[in-house]
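What follows is a single structure, written as structure tokens, with notes after it.
Please treat every number below as a calculation from the coordinates, not as lab data. All values reported here derive from a predicted model rather than from experimental measurement. Cβ placement follows ideal geometry from the backbone for every residue including glycine, while neighbour counts extend to all protein chains displayed.
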Amino acid sequence: MTGRLKGHDVRVEINEPRCRSCGICYDVCPENVLSASDPLRKAVVTNLDACTGCRLCEWLCTDWAINVVTTPTGETASAGG
Ligand code: SF4
Ligand code: SF4
């Protein structure tokens, strides 16, 4: 499942151990891609199809728990870096 940034596949990675359930990401996501998981209210991706790759969640997470990865459609992200 991928997001809908034109010409790109979008992936939203959440580093669960880093997430401290502050709620910023799921409150600010304009596309309602993210939700709070039970019972700890950590962020989870529940609607990736709607993700536009805007990176708002990544920028606003104060704990560097979110990584938005965009790759041109049809290409596989290279390892390393
Ligand atoms: S903004 Fe970061 S720390 Fe806060 S709920 Fe989202 S992923 Fe977790
Ligand atoms: S990149 Fe933008 S649309 Fe995608 S989950 Fe983050 S805030 Fe929502």
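Report yes if Val44 is assigned to a strand (DSSP E or B) and more than 7 Å from ligand 2 (Cβ to nearest atom), otherwise no.
yes
Restricting to segment 1-28, name every residue that is hydrophobic (A, V, I, L, M, F, W, C) and either in contact with a strand residue (DSSP E or B) (Cβ under 8 Å, 6 or more places away or on another chain) or within 9 Å of ligand 1 (Cβ to nearest atom) (or both).
Leu5, Val10, Val12, Ile14, Cys19, Cys22, Ile24, Cys25, Val28, listed by residue number.
Can you list residue pairs whose Cβ atoms sit under 8 Å apart, with the first residue in segment 11-27 being within 11 Å of Asp63 (Cβ to Cβ) and the second being aromatic (Phe, Trp, Tyr) and surrounded by fewer than 18 Cβ atoms within 10 Å (Cβ to Cβ)? Count only pairs 6 or more apart in sequence or on different chains.
Qualifying pairs under 8 Å: Asn15/Trp64; Arg18/Trp64.
Could you say which residue among Asp27, Asp49, Asp38 is over 14 Å from Asp9 (Cβ atoms) and not in a loop (DSSP other than H, G, I, E, B)? Please lay out each step first, then the result.
Numbers: Asp49 fails: over 14 Å from Asp9 (Cβ atoms); Asp38 fails: not in a loop (DSSP other than H, G, I, E, B).
Among Asp27, Asp49, Asp38, only Asp27 is over 14 Å from Asp9 (Cβ atoms) and not in a loop (DSSP other than H, G, I, E, B).
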